[in-house]
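Engineer: My questions will all concern the structure given below.
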């Protein structure tokens, strides 16, 4: 059984660490900084790093790749359409890789960046900066239409899928979610739970898709309450889910 834990990096990044107890091999996802991973490996010398999974090219996700690769000879996987340092295997949409004995399906999810990918194995999703707990990534390269389609693709995965995104943004995202849906009881409950967790210094991840569908406005563009708020914000009738999404994202960017 794969064990998953988080190595904090920078101010709010998480580097996901996957461990296979049977082989004592491990993998990391989006190591923007090599130091936390190397420190963990020094403290656990019986473990070897075999795989590095990259979702997109931003420095806080790839900054530690080359140092880790040279120190461990791990294999580096990353999106084919982006420049990824040290990449050994270039991944396209709907391909499959095997890491730590697990098959991961690769999804291309344009929006945050154009070549952004996610890794999915039954029950677990490593989605980088596409889907966040109660939010989504900024559109640095893609269009609202692309990001909306990417999020809808992830929302179609099973409800019990654990969402391993890479930033501790949950509390601020929920503040926005509550502004969009002030009468959503699920959001109010989650706000209080997350407040208590953060007060104890605990992380709020992973999330799961069932919870996201109840509390994440960017997955709720078909809800009447969300559409009405989007219409109110930009003074127009947002006819499609992508238009509702665009209105929400523009509002969140200035929130």
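Rule-based calculations on the coordinates, nothing more; no lab input. Fair warning: this is a prediction, and the values are worked out from it, not measured in the lab. Don't worry about glycine lacking a Cβ; one is built from the backbone with ideal geometry, like all the others, and counts go over all protein chains shown.
Engineer: What is the list of residues in the stretch 152-184 whose amide nitrogen lies under 14 Å from a point 7 angstrom out from the Cα of residue 195, following Cα to Cβ?
Structural biologist: In the stretch 152-184, the label zone of residue 195 (backbone N under 14 Å from the point 7 Å along Cα→Cβ) covers 171-172, 174-176, 178-179.
Engineer: Nearest 5 percent is fine: what portion of the DSSP beta bridges confined to the chain is antiparallel?
Structural biologist: Of those bridges, close to 65 percent are antiparallel.
Engineer: Of all beta bridges DSSP finds with both residues in the stretch 66-184, what is the antiparallel percent, to the nearest 5?
Structural biologist: 65
Engineer: Let me ask something additional. Order of 92, 227 from fewest to most other C-beta atoms within 10 Å?
Structural biologist: Listing 92, 227 from fewest to most nearby Cβ atoms yields 92, 227.
Engineer: Label points 7 Å out from Cα along the Cβ direction at residue 153 and residue 122: separation in nm?
Structural biologist: The two pseudo-label positions are separated by 2.2 nm.
Engineer: Based only on other Cβ atoms within 10 Å, what is the fewest-to-most ordering of 58, 112?
Structural biologist: Least crowded to most crowded, the residues run 58, 112.
Engineer: Right, next: Among DSSP bridges having both ends in the stretch 1-108, what percentage is antiparallel? Round to the nearest 5.
Structural biologist: Percentage antiparallel, nearest 5: 60.
Engineer: How big is the gap, in Å, between the Cα center of the stretch 29-66 and the Cα center of the stretch 82-140?
Structural biologist: Going from one Cα centre to the other spans 16 Å.
Engineer: Report the extension gain between residue 185 and residue 237 in nm, rounded to one decimal, defined as 0.36 nm multiplied by the number of residues separating them, less their alpha carbon distance.
Structural biologist: Going from the current span to full extension adds 16.1 nm.
Engineer: Taking only DSSP H segments of four or more residues, each worth -39500 (n - 2.57), what value at 222 nm results for the chain once the sum is divided by all its residues, to the nearest 500 deg cm²/dmol?
Structural biologist: -10500 deg cm²/dmol
Engineer: Roughly what angle does helix 144-155 make with the longest principal axis of the chain, taking Cα atoms, 0 to 90 degrees, to the nearest 10?
Structural biologist: Tilt of helix 144-155: around 70 degrees.
Engineer: Rounded, prolate or oblate for the stretch 54-138? Axes are the square roots of the Cα gyration tensor eigenvalues, ordered a ≥ b ≥ c, and the cut-off for rounded is a/c under 1.5.
Structural biologist: Cα axes put the stretch 54-138 in the oblate bin.
Engineer: Tilt of helix 170-180 relative to the longest C-alpha principal axis of the chain, in degrees (0 to 90, nearest 10)?
Structural biologist: The angle comes out at about 20 degrees.
Engineer: Of all the C-alpha pairs in the stretch 1-89, what % are more than 15 Å from each other?
Structural biologist: 53
Engineer: Moving on to the next point. What Kirkwood hydrodynamic radius do you get for the stretch 136-255 when you take the inverse of the mean 1/r over all pairs of distinct Cα atoms, in Å?
Structural biologist: About 14.8 Å for the stretch 136-255.
Engineer: Next up: Assign one of three labels to the stretch 93-179, namely rounded, prolate or oblate, based on the Cα gyration tensor with a ≥ b ≥ c the square roots of its eigenvalues; rounded applies when a/c is under 1.5, prolate when it is not and a/b is larger than b/c, and oblate otherwise.
Structural biologist: oblate
Engineer: For the stretch 1-108, what relative contact order do you get, as a whole percent, if you take Cα pairs closer than 8 Å and at least 6 residues apart?
Structural biologist: Rounded, it is 19 percent for the stretch 1-108.
Engineer: Which value, in Å³ per residue, describes the convex hull spanned by the Cα atoms of the stretch 39-190?
Structural biologist: Hull volume over Cα atoms, normalised by residue count, gives 137 Å³.
Engineer: Run the numbers on the chain and let me know its relative contact order in percent, using alpha-carbon pairs under 8 Å that are six or more apart.
Structural biologist: Computed value for the chain: 13 percent relative contact order.
Engineer: I've got another one for you. What whole-number distance in Å separates the alpha-carbon centres of the stretch 179-207 and the stretch 148-176?
Structural biologist: 14
Engineer: Can you tell me the FRET efficiency between residue 96 and residue 171 if r is taken as the Cβ-Cβ distance and R0 is 45 Å, rounded to the nearest 0.05?
Structural biologist: 0.80
Engineer: To test your reading of the geometry: what angle, between 0 and 90 degrees and rounded to tens, separates the Cα axis of helix 241-253 from the longest principal axis of the chain?
Structural biologist: Relative to the chain, helix 241-253 is tipped by roughly 80 degrees.
Engineer: For the residues 207, 225, what sequence is obtained by ranking on other C-beta atoms within 10 Å, fewest first?
Structural biologist: Ascending number of Cβ neighbours within 10 Å: 225, 207.
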